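Structure first, then comments.
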Amino acid sequence: MLEQDAQRSLHACEGVGLEALAQREGTPLYVYSTEAIRSRLDALQTALQGLDAGICYAVKANSNGAVLKLLGDMGAGADIVSGGELRRALLAGIPADRIVFSGVGKSADEIEQALDAGVARFNLESRAELDLLQTLASKRGVIARASVRINPDVDAMTHAKISTGKSENKFGVSIDEARKWFDKHARWPAVQLDGLHMHIGSQILSIEPIRQALQRMAALWRELDTAGHNIASIDVGGGLGVRYREGDQAISAEAYVAEIRHALAGFKGRILLEPGRWLLAEAGILLSRVLLVKHGEARRFLVLDAAMNDLLRPSLYDAWHDIVRVGENGEPRPLVTYDVVGPVCETGDTFAVARDLPQCDAGELVAILGVGAYGASMASSYNSRPLAAEVLVDGDRYAVVRRRQTFDEMIVGEQPANDWKQA
């Protein structure tokens, strides 16, 4: 996707020059590579050949409609966690029968929307949710297909805020509770409980926790099958990590699928996967203009026009993102140690601390790498800063797939307190 020189200078995304792109579309600017996205999805589809398997892209990673259409046109489905994500997936042309509805707190209204749309499956995370689905499906006279999300109590060895498969996490139910659901499935006649689901966390860089979780999932499947319960679907979740910094070793599609094949050998139903970050993160960069260089008594600050409202991960997770200067090859520049920060009035508005970069001057461009997932989708208008524009690059052309938010668009839902009511 990205052309870099030895001085960690970046000048193009595919065949589109970044300097010209920033000049034309402004900054901050999210830039996504179609080549990188297609390559990742194709690699996973190739590794899955011979299996009855479906890829349900985790929409929360990047919910831009053009990205969803790109993935949907290549055969991917969608893993959604809200009514809004359902609507986004449908608008992008992803058929309802390729959509699974996950999430620990689905509202009645969201479940009704999904039932009316005819989504393929609900991934259920609590007895209360199972009861609610039974009530709503029964009222409509339909049978809802569902999977129980088990919590395998496996440490994904990732950041605590994106770990979802340990017993103390809010997600899923214990294997013992799952057994009870299947044993008493006649209590929920409007719910066809015939699937298993899990997701132990995100940014997983070791195959071992995946192997452990798959083994526990497979053991439960075999136990239920022996007891006479038909398991038609096993959803292994997502969570594959990516390279954010030197030393990160991402799990390959081939190695991941090999573990799935081994653990679920003999399974005759459909296998679902829910990748998000792995497909999108490394396909995206955030272009930002240097506002100024500030020399403090103890630190040197590189102040950008991008901020934590544009990219929250460093502030929220202490996440590392490589940062490079944008420009054509030229004379090597001296390395300077910067704290790379934004203009938001928070100390947490920091992208990097004590980062060595080629000298950068006011007005120049830098690129924050690895932001295709959980970048724009987590953005806000904090400090009344408009949402950044997003562009999709394909070869030597690009398209604006989200125009920069205007101030009027930012405040469109606000109104004076003139219409007073009594509750």
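The values are calculated or read from the model by the stated rules, or taken from the named source; none is laboratory data. Bear in mind that the values here come from a model prediction, so they are computed numbers and not experimental data. Cβ: placed from backbone, ideal geometry, glycine included. Neighbour counts: every protein chain shown.
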Exercise. Tell me, yes or no, whether region 333-340 has at least one residue that is at pLDDT 95 or above and of a type in the set (Lys, Arg).
Key: no
Quiz item: Can you tell me which residues in region 356-403 are touching a residue at least 60 places away in the same chain (Cβ under 8 Å), surrounded by 14 or more Cβ atoms within 10 Å (Cβ to Cβ), more than 16 Å from residue 323 (Cβ to Cβ) and not hydrophobic (A, V, I, L, M, F, W, C)?
Solution: 374, 377, 381, 382, 383, 385, 390, 394, 398, 402
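A quick yes/no check of all residues on (1) modelled with pLDDT of 90 or more; (2) hydroxyl-bearing (Ser, Thr, Tyr):
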site	(1), (2)
160	no, no
187	yes, no
192	yes, no
206	yes, yes
212	yes, no
221	yes, no
Self-check item: Given (1) farther than 18 Å from residue 215 by Cβ; (2) crowded, with 16+ Cβ neighbours inside 10 Å; (3) of a type outside the set (Lys, Arg); (4) at pLDDT 95 or above, index of the condition residue 138 fails
Solution: (2)
Quiz item: With 269, 276 as the choices, which residue is crowded, with 16+ Cβ neighbours inside 10 Å and over 20 Å from the mean Cα position of the chain (by Cα)?
Solution: 269
Practice problem: Could you check, for region 309-330, whether at least one of its residues is among the acidic types (Asp, Glu) and within 27 Å of residue 72 (Cβ to Cβ)? | Solution: yes
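For (1) assigned by TED's automatic domain parsing to the domain that holds residue 308; (2) closer than 30 Å to residue 359 by Cβ; (3) at pLDDT 95 or above, each residue gets a yes or a no:
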residue	(1), (2), (3)
216	no, no, no
226	no, no, yes
234	no, no, yes
250	no, no, no
254	no, no, yes
257	no, no, yes
294	yes, yes, yes
Quiz item: Is one or more of the residues making up region 300-307 of a type in the set (Lys, Arg) and buried (at least 18 other Cβ atoms within 10 Å of the Cβ)?
Solution: no
Quiz item: Among the strands (runs of 3 or more DSSP E) contained in region 309-380, which hold 1 or more residues that are out of contact with any Lys or Arg (no Cβ under 8 Å at 6 or more places or on another chain) and among the hydroxyl-bearing types (Ser, Thr, Tyr)?
Solution: 350-358
Self-check item: Pick from region 168-224, criterion hydroxyl-bearing (Ser, Thr, Tyr) and surrounded by fewer than 21 Cβ atoms within 10 Å (Cβ to Cβ), ranking: farthest from residue 148 (Cα to Cα)
Solution: 206
Exercise. Would you confirm whether any residue within region 277-285 is aromatic (Phe, Trp, Tyr) and within 29 Å of residue 323 (Cα to Cα)?
Key: yes
Practice problem: Using the structure shown, decide if residue 240 is over 18 Å from residue 265 (Cβ atoms) and at pLDDT 90 or above. | Solution: yes
Practice problem: Identify all residues within region 91-124 that are modelled with pLDDT of 95 or more and closer than 16 Å to residue 196 by Cα; write none if there are none. | Solution: 99, 100, 101, 102, 120, 121, 122, 123, 124
